[in-house]
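The values are calculated or read from the model by the stated rules, or taken from the named source; none is laboratory data. Keep in mind the model is a prediction, meaning the values are calculated, not measured. Every residue, glycine as well, gets a Cβ built from its backbone with ideal geometry; the counts of neighbours run over all protein chains shown.
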Amino acid sequence: MLRQHLSAPDSHTIELVAAGTALHRVIPMRGLLQEVRITQEAPTPLYIDSASTVFVAMNRASIKRSVWLRRRALVVQEGVTMGEVVPIKIGERDNCSDAETKYLIYSVWRRHMHYTHNEPGDPPECVIKRA
């Protein structure tokens with residue numbers, strides 16, 4: 001988890017900027033691991049809670065916004081193409097950062113608190129109600 005370093009007009013833009021920031025943190029770590037002879041054969045999982053950001057990262061045709069946003073998307077897409085990261089959609093049940101950014105039903109919030117507070121034992125199951 002990381003504090004966002006800018007404000008943006010919509011959540012998609014923020015998600016894309018965050019994915020680019022995460023990529024720029026992953027690449028040096030993969031290089032460091034390679035230097036100490038720890039081979040990184042598979043891409044590093046990049047968990048993203050926005051399905052549209054995953055689509056943008058995987059497909060150049062899916063971005064249809066400003067030039068600034070296209071440049072950001074190209075950075076993430078290049079990381080995917082080079083095999084540095086693989087974007088994976090993470091659900092609300094397992095996205096612990098959601099507890100800091102939005103209201104959750106109690107069972108989901110309790111599960112996140114179990115992880116973030118390093119509580120002993122298995123995490124509680126949660127029931128996600130859909131309208």
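Annotations
- For the stretch 104-131, filtering for residues that are farther than 11 Å from E92 by Cα, at pLDDT below 85 and hydrophobic (A, V, I, L, M, F, W, C) leaves 1.
- Some residue of the stretch 103-117 being in contact (Cβ under 8 Å) with a residue 24 or more places away in the chain and either within 26 Å of V26 (Cα to Cα) or surrounded by 13 or more Cβ atoms within 10 Å (Cβ to Cβ) (or both): no
- Selection from the stretch 26-59 of residues that are among the basic types (K, R) and either surrounded by 13 or more Cβ atoms within 10 Å (Cβ to Cβ) or assigned by TED's automatic domain parsing to the domain that holds S97 (or both): R30
- The number of residues in the stretch 49-103 that are at pLDDT 85 or above and in contact with a Gly (Cβ under 6 Å, 6 or more places away or on another chain) comes to 3.
- First in the stretch 10-31 and farther than 16 Å from Y47 by Cβ, second anywhere and among the hydrophobic types (A, V, I, L, M, F, W, C) and assigned to a helix (DSSP H, G or I), Cβ under 7 Å, 6 or more apart: T13/L69
- Scope the stretch 71-102; condition farther than 15 Å from A18 by Cα, of a type in the set (G, A, S) and buried (at least 17 other Cβ atoms within 10 Å of the Cβ); matching residues: A99
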